[in-house]
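So the structure is just underneath, and the comments pick up after that.
The values are calculated or read from the model by the stated rules, or taken from the named source; none is laboratory data. Note that the coordinates shown come from a computational prediction; the quantities given were computed from them, not determined experimentally. With ideal geometry, Cβ positions are generated from the backbone for all residues, glycine too; neighbour counts draw on all protein chains shown. Surface accessibility is based on the protein's heavy atoms, side chains included, excluding ligands, DNA and RNA. Shrake-Rupley method; radii C 1.70, N 1.55, O 1.52, S 1.80 Å.
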Amino acid sequence: MSSQTVARRYASALADVVIERNEAQLVQTEVAAWAKMIADNSALLEAFSNPTVAYEQKQNVLNELIARTRVRPTTNNFLRTLLRNQRLAELPEVNAKFAQILDERSGIVSAEIISARPVSANARALLEEKHGEMTGKKARLTFGTDESLLGGIVTRIGSTIYDGSVSNQLSRLREELAG
């Protein structure tokens, strides 16, 4: 089974529980912090992903970390379930899918905007409004820069890419003139 399929299943199950208990934002924040902690700490990631480390040792590490972080019972149970099923090292992928599922269920669409230069606050607000109109949902935008675009923007919504960059337009023009 692919890691994306596994992540989607765990994330979907967690989303069901947190929505029912009305604690989606709190648990999402905790799970995101845990995912970052595991991803940023190579020793921790190695310990949880290495099959030669005894389950009891992993459980002791998890117990200590849970005691220090004082997470909600839902987060606690979820982390223990991942450990029991030898999936705790996959928490960063599960967290990304969890955030995506919560957004989908809340009617929010996430989009990534890449531009040649940083986008002003006014332009950000306008882009958010236009993307909301385009998708019919509230838009959550993240912004990045790539100087190779020369100008314009590239927008990614899910697996769809809208390329309005100057470099893409020049490339198309080159193909038309050459063809």
Tally, over region 107-139, of residues that are among the polar types (S, T, N, Q) and at pLDDT 90 or above: 3
Residues of region 131-150 that turn out to be out of contact with any strand residue (DSSP E or B) (no Cβ under 8 Å at 6 or more places or on another chain) and under 12 Å from V119 (Cβ atoms), as a count: 0
Those residues of region 4-25 which are in a helix (DSSP H, G or I), open to solvent by 60 Å² or more (accessible area, probe 1.4 Å) and either in contact with a helix residue (DSSP H, G or I) (Cβ under 8 Å, 6 or more places away or on another chain) or hydroxyl-bearing (S, T, Y) (or both), in sequence order: Q4, R8, I19
Residue among A99, A89, A111 that is touching a His at 6+ places or on another chain (Cβ under 6 Å) and either under 20 Å from N22 (Cβ atoms) or touching a residue at least 40 places away in the same chain (Cβ under 8 Å) (or both): A111
Cβ-Cβ under 7 Å pairs, at least 6 apart or on other chains, region 33-48 side part of a helix (DSSP H, G or I), far side exposed (fewer than 15 other Cβ atoms within 10 Å of the Cβ) and not charged (D, E, K, R): A47/V53
